[in-house]
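Enquirer: Quick one: the structure is below, and I'll ask about it shortly.
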């Protein structure tokens, strides 16, 4: 999320129209030009005046109009969309300019207004997450799950800015799974005031450049350091991070003050860590080492898609002795018109894919599962279908090419990216209009995550899934294999382990145990003569399985970019493994394998069922409830099932999270004694005197404010100018509706309405009675009747305090802070 004050939804169609016209001016090929003209016609309701765009047709373009479902109309100065009747699964899509998110934004807090240009939160969940962040106890873990495009990046941006506003040199690290995501974050942060020095330390940086980034970080010049798991676990980087968390680091000339460890896209810790990125499994050990130096280091895990299995993996790996809080939006994304179809041959799917690509609004991402398939699709689009504004991005794409694709995609110089899952995870491009899966994703989380690359601006988007279902050697088989990958048969696993043991070099005993370096290209009996990516992948999967079972520990993983390569160094935890296939340690390994295999199949099978028969149930709701089984999702109104029944898309979805607060108080250092106090305002109407009242309340250390809904925005704006505290704001209505209050020094301004005042006062005073670590203030006239009793008779055991008396308290004490 940008810190600029962006319009998230209003005018998305106008912005898309401007983008399309600008792209049309740069397009040179027939394919690019006509696809953009079709996008423009769709955006303008089915017809576009060519005079607006200055477009004239060449003969070749006129002859190709029908391919794109276009027809010249009128006197030849306009083009209209033709009805699409070739494929029954393709819907008649009409542009809808309204907000499609279905959930409301939320009023700001003082910290949001002070540190950013945003005047609202994107959702109540985002507000809850920021509140959880700025009140997070030392040594605790925060896990946040909210929809793609809902602004998870705001959390590490505010963490860095909030920290630096209170202590120079404060910084955070963010672990990102892909170079594309790290580079996208770096590009976005470079334009944000106070965060310009943020850097991505990726594996593709040359040694000199890496050294410069590390040196700048040590000097406190890098507010946000973006790292891959492999980079974060390198000995030299770990040493630097441990220096930065040390409380006495300033004595050694180190100005960085590392406060938070963030893990972005945390859901892949389970899936990628299981199959081919073992350092994802090792990341909790980094946090453990940091906390051994400084127990106050805070953890934040971020994701859009956390299945129950993924949540359990994250809890078991990351939940140490400190406090733990989980904030979940529990709200589906409804921006997408969903299309799903299966095919009995590759040729039929290819024809459908060509047809869909010609019609899908731009910008467009085409996802495949395998690198070779992405390369074939890219070559077909660029060489046979006439598209020039297209790029390829996979795990095999070189580092320089990756940077180029990310930059060109951000600058709107590309209309299509053909990619595997290596591209797009968390990349903040808000105006993507279409996602096509030329494959079957291996589970609900991947499908839901990747369609979320589109419509991050809250506008309309298209999701198309086209997969082969031929009975064998098809997309269904491939998805099933991946969903259950990492679970070799017993005999094949033992054979592979023996081959890798035979390849071992640099065998040695160290204090922690026996270590060796294994060749990932080792071939088991029956394979040969040369290794392949497939063989290496199975070897990696076996080693990560053995690590999860506790038989070995993977010590280091050499990389090229962010891809593991070459030899892995490991430590033998269970000495029986040195006996090869004869060792008696395999029982635990394969007991774990069987548990994981059953869990994976339990997720994949129902997902396959809904994809095979998308007309039987609402696709979006069914998939969302697979990911969030404890949540309720309405019929989406935009999938094959809903369209066939005329279901209308819902409005007013509730975004959850505001009910979640930390049990541990934030801590208070200030002039007031602990307890509940009644403060009489100079302006009983709480209008013209609001600014002075808030200034005084902040002066005595108040961090949280409960106010009338019509004063919530003004309160946040005023609080942004007072001090460096969080300035949390909650309306009376939200408070009565179930939102929780943080355990922080708080002030409640009584409502004008007597009926609401009684409900608010009684609930607030009940909450205040449980606060034993900070003062709590009720603002109201002493003689006001609440439920037939004067306020001063029950609001506080202390005598009422005048507003101006707060100044005397403030002047007698300085250095107010939140611990």
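Enquirer: In bins 10 Å wide, starting from 0, what share of all Cα pairs of region 490-592 does each bin hold, as a percent?
Expert: 15, 52, 30, 3
Enquirer: Divide by every residue of the chain the summed helix terms, -39500 (n - 2.57) for each DSSP H run of at least 4, and state the resulting mean residue ellipticity at 222 nm, rounded to the nearest 500 deg cm²/dmol.
Expert: -11500 deg cm²/dmol
Enquirer: Between residue 383 and residue 98, what length comes free when the chain is fully extended (0.36 nm per residue of separation minus the Cα-Cα distance, one decimal in nm)? Walk me through the numbers on the way to the answer.
Expert: On the way: separation 285, 0.36 × 285 = 102.60 nm, distance 3.74 nm.
My answer for the length gained is 98.9 nm.
Enquirer: Using the 10 angstrom Cβ neighbour count as an exposure proxy, how do 146, 470 rank, fewest first?
Expert: On the way: 146 28, 470 16.
Ranked by crowding around the Cβ, least crowded first: 470, 146.
Enquirer: A further question follows. Just report the Cα centroid separation between region 299-323 and region 605-665, whole Å.
Expert: 22 Å
Enquirer: Just want the ordering: 515, 282, from fewest to most Cβ atoms lying within 10 Å of their own Cβ.
Expert: Lowest to highest Cβ neighbour count: 515, 282.
Enquirer: How big is region 608-648 by Rg and Dmax over its Cα atoms, in Å?
Expert: Gyration radius and largest Cα-Cα distance of region 608-648: 9.8, 27 Å.
Enquirer: While we're here: One-quarter of the Cα convex hull surface for region 379-522, in nm²? Show your work: numbers first, answer last.
Expert: Numbers: hull surface 54.7 nm².
So the mean shadow area of the Cα hull is 13.7 nm².
Enquirer: Run through the DSSP bridge list for the chain and note the antiparallel percent, rounded to the nearest 5. Let's see the in-between values first.
Expert: Working: 28 of 98 bridges.
Taking every DSSP beta bridge within the chain, about 30 percent pair in antiparallel fashion.
Enquirer: Among 534, 632, which comes first, then next, by fewest other beta-carbon atoms within 10 Å?
Expert: 534, 632
Enquirer: Would you mind pulling out the separation of the Cα centroids of region 678-705 and region 766-793, in Å?
Expert: 15 Å
Enquirer: Run the numbers on region 675-811 and let me know its relative contact order in percent, using alpha-carbon pairs under 8 Å that are six or more apart.
Expert: Rounded, it is 41 percent for region 675-811.
Enquirer: For region 675-811, I need the span (max minus min coordinate) of the C-alpha atoms along each principal axis, in Å, sorted largest to smallest.
Expert: 38, 32, 32
Enquirer: If you compute P(r) over Cα pairs in 20 Å bins from 0, in percent for the structure shown, which of [x] 16, 50, 30, 3, 0; [y] 15, 43, 32, 9, 0; [z] 16, 47, 31, 6, 0 do you land on?
Expert: Only one option fits the structure, namely [y].
Enquirer: Something else about it: Just to check, using Stokes-Einstein with a Kirkwood Rh over alpha carbon pairs, what's the diffusion coefficient of region 136-328 at 37 °C and 0.692 mPa s in µm²/s?
Expert: The Stokes-Einstein estimate is 199 µm²/s.
Any read-out appearing in this document is the output of simple, stated calculations on the displayed coordinates, not a laboratory observation. Because the structure is predicted, anything quoted here is derived from the model rather than measured. Positions of Cβ are backbone-derived with ideal geometry, glycine not excepted, and every protein chain shown enters the neighbour counts.
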